[in-house]
Every structure is written in structure tokens, then in C-alpha cells.
Amino acid sequence: MNFYEILSQHPQTAFNTVQELDSMHIGASNISGPWPFEGFSKHSDPEIVIVLDGSVDIEYEDGEIVNRSAGEVEEMTGNRGHKVHQSGSDSAQVLLIFPRNKP
């Protein structure tokens, strides 16, 4: 499936699976407004965020905030809580890549 098609079908901020591979998940999200979930998201493994369109602020639980715009990448290290917020006046689209936990 094309990730732009997935994003057009899911306009709200949420993780939408694009592809599940043996070793990783690839997903896409529309980032519109502030982080809509309670608390920070935290994973044991690192996560890669690639900004496809717009700009986002990535807020870490330790208070650091980084801004990433279209074409830029952020590697979020494992076990570090984060939130992703819309940064500009328009919503942003991001591609997310992270390891798939195996039993």
C-alpha cells in the first residue's frame, strides 16, 4: 500500500501501519495539532521519524524539544519518552520506522 493513500484515509494523528516486515514496522501519521494522547510514548528500541511534509516539534520527556521539517530525520533513542506535535500552521505527515519486537 502507498503511504500517501494511507495518510489520506486517516486524517487524524495516529499510527497507521504501512508495512510489517520480519524485523521492523513502517508506519505513517498525519500530525495535526498537539499530541492527542495522555503521557509520552516510549519504546525499548529506537524509532526513526522522517518528515514527509510540514514540520513537527518532537518533545522529549527530559524537556528537550527539536524541530524537524520536510525532508529531515530524527532518531528517537529507545527508552526516551516523546511526543510529536504539529509545528507550523499546516498539519505534517511523517513516516515512522521502528524494530518489530519478536516473542
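Values as computed for the structure displayed
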item	result
Matching option when the condition is at pLDDT below 95 and among the hydrophobic types (A, V, I, L, M, F, W, C), among Val84, Val66, Val73	Val84
From the options Val51, Val66, residue that is assigned to a strand (DSSP E or B), among the β-branched types (Val, Ile, Thr) and either in contact with a His (Cβ under 8 Å, 6 or more places away or on another chain) or closer than 24 Å to Leu21 by Cβ (or both)	Val51
Leu52 being in contact (Cβ under 8 Å) with a residue 60 or more places away in the chain and either among the aliphatic types (A, V, I, L, M) or in contact with a helix residue (DSSP H, G or I) (Cβ under 7 Å, 6 or more places away or on another chain) (or both)	no
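The values are calculated or read from the model by the stated rules, or taken from the named source; none is laboratory data. None of these values were measured; they are calculated from a predicted model. Cβ sites come from the backbone with ideal geometry, for glycine too, and all protein chains shown count toward neighbours.
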